[in-house]
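Here is the structure we will look at.
Each value in this text was obtained by applying a stated rule to the coordinates, not by laboratory testing. Here the structure is a predicted model, which is why all the values come from computation and not from measurement. Glycine gets a Cβ as well: all are built from the backbone with ideal geometry, and neighbour counts include every protein chain shown.
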Amino acid sequence: MRWEKIKINHFQLINGIQTIGVHNTNPQVGPGQSFICFSPSENVRLQYLFVCKIDDGMVWLSGAGFDRWQIGDELVIRGPIGSGFAQPPMVKNIVFGSYGAVSGALMPLIWHGLKQQKNMTYALTYPSVELSAELELISIQEIGDVVDWADILYFEIKREDIVKYNQVFQSIRPYFEKIQIFIHTPVLCYGQSECMICSVKTKHGYQKTCKHGSVFWLGDLEDI
């Protein structure tokens with residue numbers, strides 16, 4: 001991956017989540033992938049952005065720091081990082097789960113599912129988020145009621161909250177092989193250092209999200 005210069009073309013609020021829109025020059029960009037970027041006009045303050053929506057030649061990225069940027073601002077960006085979420089073509093029933101606040105990391109999968117007319121349920125910790133009426137909304141504590149019905153499940157969580165929800169995960173352990181999870185971690189470097197601040201402990205060793213991406217199979221995590 002190399003660094004590229006891009007310009008912010010649009011700002012858009014997607015389901016209550018602030019995003020920036022940039023022209024999509026990479027046809028391989030997909031759900032669950034991330035970018036590291038910074039503004040040359042700032043004192044090298046890195047931001048970790050992830051794909052929120054892909055449409056009409058645009059990629060909409062969510063993250064932080066947007067209050068400091070304007071349309072036309074130049075960013076230096078590196079990515080996409082990781083392979084993102086696996087999307088088996090024959091799935092019919094999909095469950096999403098946000099353990100904590102909804103960030104937008106699962107939104108591309110939801111948009112795709114709506115277009116494909118999939119059956120979808122979203123388990124939420126905070127049910128006040130703006131979502132399509134075509135989604136069935138349930139509490140995150142009810143996730144055990146729908147795991148058997150689902151063909152695949154997509155979760156998101158902050159790394160520091162994994163222990164907090166460990167009991168919930170243990171209750172669905174038999175289904176780990178069909179659950180992918182986006183883990184939010186701090187990223188403080190350019191993706192080329194050995195600081196390990198963004199790392200996630202897996203059964204195969206520590207994986208750095210700044211290099212390998214933020215999506216994992218739930219059964220691969222060591223601490224669950």
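For the stretch 62-163, rounded, prolate or oblate, judged on the Cα gyration tensor with a ≥ b ≥ c (square roots of eigenvalues), a/c < 1.5 rounded, else prolate if a/b > b/c? Show your work: numbers first, answer last.
Working: a/c = 1.86, a/b = 1.56, b/c = 1.19.
Judged from the Cα gyration tensor, the stretch 62-163 comes out prolate (a/c at least 1.5, a/b above b/c).
Roughly what % of DSSP beta bridges within the chain run antiparallel, to the nearest 5? Intermediate values should be presented prior to the final figure.
On the way: 36 of 59 bridges.
Close to 60 percent.
Among rounded, prolate and oblate, which fits the stretch 159-200 when a ≥ b ≥ c are the square roots of the eigenvalues of its C-alpha gyration tensor, a/c under 1.5 means rounded, and a/b larger than b/c means prolate? The partial results should precede the final answer.
Numbers: a/c = 3.83, a/b = 2.29, b/c = 1.68.
In terms of gyration-tensor shape, prolate.
Starting from the Kirkwood Rh over alpha-carbon pairs, what translational D in µm² s⁻¹ does the stretch 33-113 have by Stokes-Einstein at 25 °C and 0.890 mPa s? Please report the intermediate quantities before stating the final value.
Details: Rh = 14.4 Å.
So the translational diffusion coefficient is about 170 µm²/s.
How would you order 214-222, 190-198, 77-85 from highest to lowest mean count of nearby Cβ atoms within 10 Å? List each step's numbers first, then the result.
Numbers: 214-222: 18.3, 190-198: 13.4, 77-85: 20.4.
Order by mean packing, descending: 77-85, 214-222, 190-198.
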